[in-house]
Every structure is written in C-alpha cells, then in structure tokens.
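Have a look at the structure below before the remarks.
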There are 2 protein chains.
Amino acid sequence: MLAEIITIGDELLIGQVIDTNSAFIAKQLNKIGVSVYQITSVQDEKEHILKAMNEAENRADIIILTGGLGPTKDDITKKTIAEYFDDVLVKNDAVLENIESIWKQHVRTRLLQVNRDQALIPSKSKPLMNTLGTAPGMWMEKGEKVFVSLPGVPYEMQALVENEMLPKLKEKYHCPYILHRTLMVYGLGESDLAERIEPWENELPKHIKLAYLPNLGQMRLRLSTRGFDEVLLKKEVEEQINKVLPYIKDEFAGFEDDEGSVEIVIAKQLTKMGKTLAIAESCTGGGVAERFTVNSGASAFFKGGVVCYATQSKINVLNVPKSLIEAHSVVSSQVAEAMAENALNLFQSDYAIATTGNAGPTKGDSDAEVGAVFVAIATKKGIYSQKFNFGNLRLKVINKAINKALEMLLKEIFKNT
Amino acid sequence: MLAEIITIGDELLIGQVIDTNSAFIAKQLNKIGVSVYQITSVQDEKEHILKAMNEAENRADIIILTGGLGPTKDDITKKTIAEYFDDVLVKNDAVLENIESIWKQHVRTRLLQVNRDQALIPSKSKPLMNTLGTAPGMWMEKGEKVFVSLPGVPYEMQALVENEMLPKLKEKYHCPYILHRTLMVYGLGESDLAERIEPWENELPKHIKLAYLPNLGQMRLRLSTRGFDEVLLKKEVEEQINKVLPYIKDEFAGFEDDEGSVEIVIAKQLTKMGKTLAIAESCTGGGVAERFTVNSGASAFFKGGVVCYATQSKINVLNVPKSLIEAHSVVSSQVAEAMAENALNLFQSDYAIATTGNAGPTKGDSDAEVGAVFVAIATKKGIYSQKFNFGNLRLKVINKAINKALEMLLKEIFKNT
C-alpha cells in the first residue's frame with residue numbers, strides 16, 4: 001500500500017514555514033503498514049494542486065493533502081478538490097453543527113459567514129470531524145484509491161490523523177507490517193562505522209534495508225523491512241542486530257525509541273529508576289532542558305534547570321565561586337563541574353548535567369576559542385567533565401553540545417544496569 | 001526564474017527526519033529573486049530520483065538536489081546524477097585535496113577508501129567545495145538549465161548555498177526582486193482578521209498576493225510580490241501596509257524580521273536599548289530561553305533563566321515563598337509574578353518573563369486545570385500577569401504559552417517607544 005503526501009501552501013515554498021506535518025503523517029502511516037512513496041509541497045494555486053493530485057494518483061493508492069482549508073481567500077484547496085472530482089460544494093449539517101459548537105466553546109463572539117462556509121464540502125466526500133478547529137477533514141474515494149484532505153494546523157491535523165484517518169485506512173486496506181529498528185551509535189564517524197560493519201552489511205538479506213543517519217556527533221543505523229509475518233520479521237531483524245552488535249559494542253548507546261530520541265530513552269529509564277535530573281546550561285541556552293520538557297511525563301524526573309548565560313548569573317544563581325571563574329575562566333572543566341555539582345545540590349536531584357562553552361560567532365565572556373565546550377555530569381557518587389571542540393558554526397556547536405550532554409548522561413544512567 | 005528542490009532520503013519518507021533544508025534553501029533563493037515552484041521528497045532509489053529529476057526539469061530552470069552524498073552504500077545520488085547526464089564518475093583532484101585537508105584537521109585517523117571515493121564526481125560537473133565535510137557539492141548545466149547537488153547535512157548544505165550556489169546563480173541569471181513583508185497580529189482570529197480587513201483586501205492590486213498564517217495565538221499577514229523595479233515594489237507594498245494598519249491598529253505587533261521571528265525583533269530592540277532579560281519558566285520548560293539563545297548575539301541582552309519544573313525548585317532556586325505557593329497554588333498569578341520578580345532580582349536584569357501552568361496531559365503539582373497558564377512580566381517599574389487557557393494538548397499549550405510570553409514582552413518593550 002503506497003501513499004503520497006501533498007502539502008499545500010506558499011509559506012512552504014518561500015521557506016517561511018518548515019513542513020513538520022509530512023514527517024508526522026509518514027510516521028503514523030508506517031505504523032499501520034502504509035509506506036510513503038513521495039512528499040510534494042505545492043503552492044496555493046489551482047492548476048498546481050490539480051496536477052500534483054493527478055500525478056500522485058498515478059503513483060499511489062492513498063493521497064493525503066494538508067493545508068489550504070482555512071476560512072480566508074488564499075485557501076483554495078476545497079474548491080480545487082471539488083473540481084478534481086467534478087463535484088460541487090454542499091453544506092454539511094453535521095460539520096456546521098461542529099463548527100457552531102467549537103465557536104461557542106472557544107470564541108464566544110458571533111459566528112462569521114466565512115466560518116459557516118467552512119461547512120461546505122464536496123458532495124461526494126465524507127467529513128472527518130475536526131474537534132479542535134473549524135476546518136473539517138475530508139475523505140474521498142475514487143475506485144480503489146483514497147484521497148484525504150486535512151487542515152494544515154499541526155495539532156488539528158494530528159488529531160484527525162489519529163482519530164479518523166488511521167482507523168478508516170486500517171478498515172479499508174489489508175496492510176503489511178513495517179518494521180524500523182534504529183541503533184544509536186556514538187564516537188564513530190559514518191565511514192568508520194561503515195568500514196567496521198562491512199562484513200556484516202555484505203551478508204545482510206536483501207529485504208532488510210540499512211541506512212546510515214549521521215547527526216552532529218551521533219550516528220543512527222536503521223534497519224527497515226516489511227512483510228505480512230510480523231513475528232518472523234521481528235525475529236529476523238533481532239538476529240541481524242545480534243550479529244552487528246559485537247562490531248560496535250563500545251560505541252552502541254541503545255535503541256532509538258519509536259517516538260525517536262535519546263531523551264525519551266533517558267526519560268523512561270530515570271522514571272523507571274525513580275531518579276531525578278537537574279540541568280545547568282550556559283552555551284546550550286535551555287536547549288537540553290527543552291528536549292526533555294516537550295515530552296509529557298517530564299515532571300516525574302525533571303527537577304529543573306538554570307540557564308546561566310551571563311557570567312554574573314553563574315555566580316549569583318548557581319553559586320559558582322567568582323575566584324574559580326577568575327582562576328580558570330568561565331569556559332573550563334572546573335566551572336562546568338562546579339555548575340553540575342551546584343545544580344545537583346540546588347535542585348536536590350540524583351543527576352545533573354552542565355554545559356559551558358563558546359558557541360560563537362564571537363568570543364563571549366571568556367577567552368576560550370569558538371567551539372570549545374565543556375560538559376560535566378554530577379551524581380551523588382562523583383563529578384566529571386569532558387572537553388570538546390565543535391567547530392565554528394553556532395547552531396552546530398549548540399546542537400552538538402546538546403547531543404553530547406545527552407550521550408554522556410545516557411551512558412552514566414545505564415552504567416550500572 | 002523557477003527552481004525546484006528535490007530532497008533525497010528514506011528517512012524523510014518514514015518520518016524519522018523533518019526536512020528543514022528545503023525551507024532554508026527556499027528562503028535564500030527568494031532573496032536573490034528565484035521562486036521555488038515545488039519541493040519534492042523522494043527515496044534513496046535510482047528510478048525514483050531519475051523520474052523526479054526529469055519531471056523537475058520540465059517545470060523549472062534550476063533544480064536543486066540535497067542528500068544522498070554520504071560515503072556509505074545507501075547513498076546513491078552521485079551515481080544516479082551521472083546516469084541522468086549520461087556521464088561517468090571521475091576523480092577530481094581538487095576535491096580529493098579538500099577531503100584530505102578536512103580529514104587531517106578534524107579526524108586525524110587514516111583516510112578511508114570510501115572517503116577518497118567521495119572525490120569521484122560526474123566528469124561534466126563542476127565541484128562546489130565543501131569546507132565543512134567530505135561530500136562535495138556539484139554544479140551541472142544542461143542548456144539553459146542548472147542542476148545543483150548538495151549534501152543533506154544542514155550546516156554543510158547551508159555553507160555551500162551561501163558561499164557557492166547563490167553567487168553562481170546570481171552571476172548566471174538576471175532575476176527579479178522578490179518582496180515579502182509580514183505583519184504580526186495578536187488577539188484576532190483568522191476569520192475575524194479577514195472580516196476586519198476585507199474592504200482593504202478587496203482593493204489590493206492583483207500583483208500583490210496576501211496570505212494569512214495562523215500560528216497558535218499569533219496571526220501573520222504576508223504581502224508578497226515580485227518584479228524588476230525594486231524601488232517601485234517597495235513603495236507599493238509600503239502604501240498597502242499604510243492602508244491596512246488603521247484596521248488593526250490595536251492588534252498589530254510589528255513586522256516579522258527577514259529571518260523570521262518575534263524573538264529576533266525583541267532581541268534587536270533590547271540590544272539597541274542596552275537592556276537585559278531574564279526568564280523564569282515552569283510549564284514552558286526552557287522553550288522561551290531557547291528561542292532567544294539559538295540566535296547569535298544573545299549574550300548582549302540575555303542574562304539567563306531558570307527552569308523551575310518541580311515546585312520545590314521554585315522555592316529553592318527562585319526563592320518563591322512556600323507560603324505563597326500554599327496559599328495560591330503553584331499555578332497562580334501570585335506565583336507567576338513572584339517568579340518574574342525574583343528572576344529580575346536574581347539575574348539583575350531590566351525585564352523578566354515568567355511562566356507557570358499546567359501543560360498536561362495529567363495534572364502536575366497543582367490543582368489547576370490542564371491548559372491553564374499564567375504569564376508574568378516584571379520590569380523595574382512594576383509587575384503584572386495574565387491568565388490564559390490554552391486547551392488540553394501538551395505541545396499546543398507549551399507553544400501557545402511561549403508565543404504569549406513573547407507577545408507580552410514585545411508589547412512591554414515597545415510600550416514607550
């Protein structure tokens with residue numbers, strides 16, 4: 001079963017908005033056995049949308065459109081869909097009722113005609129009820145093919161995908177099982193890793209696909225396969241993982257969770273152990289804390305963090321001794337370790353991470369070269385730190401520092417398990 | 001001049017990686033007068049890439065490919081490009097030299113054959129020298145059309161776009177001027193805004209395109225146009241802005257900067273005024289701080305922040321009185337204001353923002369309903385806060401709270417200007 005995703009909106013093509021919807025939809029489709037063949041972003045322009053729909057229909061079984069369903073004049077997806085299906089827009093009473101109820105609940109002013117008009121949908125389509133916004137999703141069938149139109153607002157789209165689209169697709173199609181397993185590997189470059197595991201890779205069965213995903217100091221190695229025998233596929237992939245692990249036993253840092261990140265693996269383990277975390281950040285500026293707090297359940301283990309951007313803040317807020325900073329400079333292992341230790345004490349946590357460095361482009365409150373970063377870990381048993389140089393591109397330095405801090409924490413947490 | 005972007009990689013189509021490269025490239029191309037007609041994401045699969053190249057060539061003048069240039073077996077873009085141009089891969093000495101120099105500088109182990117092989121490029125292509133990684137960019141011409149192949153690693157791609165691709169495109173083509181101006185509007189829904197400005201929108205000249213971009217409590221209104229007379233276009237758009245502003249004078253919050261965000265507008269203004277900022281976050285978990293610190297120059301105004309996730313941390317780190325929390329609960333205007341005031345004092349800043357709320361999905365350390373958020377602003381002149389309810393979706397609550405905190409700060413900063 002093949003799907004294509006068409007994302008609609010000029011804002012995507014001028015780079016004003018990053019398309020995060022496609023990745024979400026693709027991940028969800030994979031979970032029910034639907035593969036995404038292609039993702040296409042097109043303009044809010046009738047002919048362009050029609051052409052993209054036609055091309056997608058020739059390649060895929062399921063065509064998913066997002067965007068262009070708003071109440072304003074620049075949103076033309078619905079009219080265009082009606083034209084594609086040689087159909088007309090008609091008022092749908094259930095949709096209108098839903099719009100009125102949302103309006104009452106959230107807006108509390110009179111309902112405008114443009115929002116009433118959002119209840120107009122192609123006569124041949126079935127509405128997918130959007131309980132979070134006024135734009136309905138739509139489900140259209142054409143022979144064996146399905147077209148789904150979803151609003152572009154991410155959380156509205158997400159709810160419609162999970163509550164409406166996936167159940168209906170599962171009901172309609174008999175899909176295979178798609179399996180992805182991703183190994184996180186630290187401390188090896190892409191080509192070194194490839195050379196190391198080459199004997200294994202050469203023997204990998206053709207139906208298991210291997211991908212290398214380098215990401216700022218972290219490598220991910222993904223095995224993907226699909227088929228109808230879930231038990232067999234899982235067994236085959238586990239066997240391959242058991243074969244490759246001996247090649248990378250010192251660098252292997254765990255499996256990426258289904259939801260995709262090392263911070264989720266850490267969060268689950270800390271919660272399981274009943275241990276807590278505090279974070280003291282300088283150069284990473286809140287980025288480490290944010291990686292944890294966007295996920296629900298963070299309050300189970302995350303005590304809090306301090307972003308000590310200015311040197312004075314490290315003294316006032318984190319109680320790093322001024323003399324220590326003067327003796328070693330603010331970007332130093334001593335200051336990183338003091339930050340971690342003081343965060344541990346201040347937040348009364350079991351683990352603490354600290355980062356201090358110079359992300360550039362210019363030198364800050366220290367003489368450290370641009371790209372120099374110290375990461376420290378403190379536990380009740382001890383404190384240690386490591387020095388890195390992450391080059392001279394600000395975002396690269398910040399993100400490599402975040403990744404490295406997470407890597408060190410991951411290793412520390414799993415050390416005794 | 002029309003461009004198309006083809007992003008290559010299975011990781012995009014299974015939703016493991018979000019495509020941020022396309023938005024960056026599109027934005028840069030717009031700056032030199034090149035419009036992006038379509039963005040297409042395809043698999044690491046020869047026939048698929050060939051077909052996408054062929055279709056793009058029929059629609060656009062400039063075809064930009066990213067991804068699939070790594071040293072490992074799953075990366076097949078280079079071979080596929082050679083096949084498309086009926087060409088062969090040959091060793092390029094300058095590229096090899098560059099690879100050897102990068103290797104010496106950053107890796108320090110022996111150079112592997114797979115990395116040496118990255119110096120193989122199609123004989124008809126010109127290399128674009130990648131000073132940050134071993135995968136070269138490539139420039140190919142076919143009649144009047146240009147194909148550019150870039151690595152998928154974002155910072156390598158970005159440097160090649162800015163230093164190599166854009167200058168060469170500017171040299172080759174005489175491009176029009178593309179103008180986007182985006183007004184940030186707070187406190188009006190999409191349809192209310194549309195109704196309000198309808199008389200103006202109806203009179204808008206056809207060559208100026210209007211777009212509504214709703215984003216979690218913030219509306220953006222974008223005017224776009226293009227042509228060869230830069231001065232005239234700017235004048236026309238300014239005239240339209242002057243006409244629309246009276247309709248939204250209470251809700252207009254400023255222009256979005258070229259680089260695209262309210263935090264950059266705040267950062268510039270604070271730096272200009274020589275004022276500083278501190279942030280105390282609970283439910284936003286470091287997200288407000290991170291919005292500022294990812295941009296360079298943050299150290300000029302950002303003193304630091306505290307993420308007080310656990311209630312105990314609010315007491316220990318931010319010195320919020322335990323009695324205040326007991327009397328009003330941790331999610332309250334009193335606690336939000338105490339957090340802001342104490343952050344102002346602790347970090348010795350001119351402005352402080354604080355957030356406290358319940359992002360859900362379950363209730364945390366307070367009895368506040370899920371979605372309830374208090375945002376407080378402290379300055380040396382006073383402290384105030386506002387209560388919001390942002391619904392029951394965690395990411396929506398967090399991001400609306402971040403947006404609202406930035407909005408309140410923006411208004412506070414510009415109040416006396």
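Remarks
- Residue in the range B:71-81 that is among the acidic types (Asp, Glu), under 28 Å from the mean Cα position of the chain (by Cα) and buried (at least 22 other Cβ atoms within 10 Å of the Cβ) present: yes
- Count - residues of the range A:2-23 that are surrounded by fewer than 19 Cβ atoms within 10 Å (Cβ to Cβ) and either in contact with a Leu (Cβ under 6 Å, 6 or more places away or on another chain) or of a type outside the set (Ser, Thr, Tyr) (or both): 2
- Residue match in the range B:250-268 (condition: over 26 Å from the mean Cα position of the chain (by Cα), closer than 29 Å to B:LEU179 by Cα and more than 9 Å from every other protein chain (Cβ to nearest Cβ)): yes
- Of the residues A:GLY15, A:GLY9, the single one that is in contact with a Gly (Cβ under 6 Å, 6 or more places away or on another chain) and either more than 22 Å from B:LYS46 (Cα to Cα) or in contact (Cβ under 8 Å) with a residue 24 or more places away in the chain (or both) is A:GLY9.
- All of (1) over 19 Å from B:ILE6 (Cβ atoms); (2) over 26 Å from the mean Cα position of the chain (by Cα) hold for A:THR66 with one exception: (2).
- Selection of the range A:55-80 for residues being without any contact (Cβ under 8 Å) to a residue 24 or more places away in the chain and closer than 28 Å to A:VAL17 by Cα yields A:GLU55, A:LYS73.
- Matching residues in the range B:280-324 - criterion: being at the interface with another protein chain (Cβ under 8 Å from one of its Cβ atoms), touching a Phe, Trp or Tyr at 6+ places or on another chain (Cβ under 8 Å) and in contact (Cβ under 8 Å) with a residue 60 or more places away in the chain: B:GLY285
- Residues (hydrophobic (A, V, I, L, M, F, W, C) and surrounded by 15 or more Cβ atoms within 10 Å (Cβ to Cβ)) located in the range B:216-230: B:LEU216, B:MET219, B:LEU221, B:LEU223
Here is a yes/no grid of residues against (1) at pLDDT 90 or above; (2) within 22 Å of A:GLN312 (Cβ to Cβ); (3) within 14 Å of another protein chain (Cβ to nearest Cβ):
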{"site": "B:PHE347", "(1), (2), (3)": "yes, yes, yes"}
{"site": "B:ILE353", "(1), (2), (3)": "yes, yes, yes"}
{"site": "B:ASN358", "(1), (2), (3)": "yes, no, yes"}
{"site": "B:ALA372", "(1), (2), (3)": "yes, no, no"}
{"site": "B:VAL375", "(1), (2), (3)": "yes, no, no"}
{"site": "B:PHE388", "(1), (2), (3)": "yes, no, yes"}
{"site": "B:LEU393", "(1), (2), (3)": "no, no, yes"}
{"site": "B:GLU412", "(1), (2), (3)": "yes, no, no"}
{"site": "B:LYS415", "(1), (2), (3)": "no, no, no"}
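- Annotation for the range B:341-358: no member residue is surrounded by fewer than 20 Cβ atoms within 10 Å (Cβ to Cβ) and either in contact with a helix residue (DSSP H, G or I) (Cβ under 6 Å, 6 or more places away or on another chain) or of a type in the set (A, V, I, L, M) (or both).
- Residues considered: A:LEU245, A:LEU233, A:LEU213. Of these, the only one that is within 11 Å of chain B (Cβ to nearest Cβ) and either surrounded by fewer than 16 Cβ atoms within 10 Å (Cβ to Cβ) or hydrophobic (A, V, I, L, M, F, W, C) (or both) is A:LEU213.
- Complete set of residues in the range B:33-73 that are more than 12 Å from every other protein chain (Cβ to nearest Cβ) and of a type in the set (Asp, Glu): B:GLU57, B:ASP61
- Count of the range A:122-167 residues which are farther than 27 Å from B:TYR212 by Cα, in contact (Cβ under 8 Å) with a residue 40 or more places away in the chain and assigned to a helix (DSSP H, G or I): 1
- Hey, A:SER332 of a type in the set (Gly, Ala, Ser), farther than 22 Å from B:ASN316 by Cα and surrounded by fewer than 19 Cβ atoms within 10 Å (Cβ to Cβ) or not: no
- Scope the range A:82-122; condition small (Gly, Ala, Ser) and surrounded by fewer than 13 Cβ atoms within 10 Å (Cβ to Cβ); matching residues: A:ALA94, A:SER101
- For the range A:149-193, a residue qualifies if it is crowded, with 20+ Cβ neighbours inside 10 Å, over 23 Å from the mean Cα position of the chain (by Cα) and away from chain B (no Cβ under 12 Å), and exactly one does: A:LEU169.
- Test: residue in the range A:194-208 that is within 14 Å of chain B (Cβ to nearest Cβ), of a type outside the set (Val, Ile, Thr) and under 27 Å from the mean Cα position of the chain (by Cα): yes
- Residue under evaluation B:SER149, criteria (1) of a type in the set (S, T, N, Q); (2) out of contact with any Lys or Arg (no Cβ under 9 Å at 6 or more places or on another chain); (3) within 30 Å of B:HIS174 (Cβ to Cβ), criterion not met: (2)
- Inter-residue pairs, beta-carbon under 8 Å, first under 12 Å from B:PRO127 (Cα atoms) and in the range B:81-96, second charged (D, E, K, R) and at pLDDT below 95, 6+ apart: B:LEU96/B:ARG116
- Taking the range A:8-32 as the range and being over 18 Å from A:LEU150 (Cα atoms) and more than 7 Å from chain B (Cβ to nearest Cβ) as the test, the residues that pass are A:LYS31, A:ILE32.
- Residue in the range B:98-117 that is more than 14 Å from chain A (Cβ to nearest Cβ), touching a Lys or Arg at 6+ places or on another chain (Cβ under 9 Å) and part of a loop (DSSP other than H, G, I, E, B) present: no
The values are calculated or read from the model by the stated rules, or taken from the named source; none is laboratory data. Just so you know, these numbers come straight off a predicted model, no measurement behind them. Because the Cβ atoms are built from the backbone with ideal geometry, glycine has one as well, and the counts that use them run over all protein chains shown.
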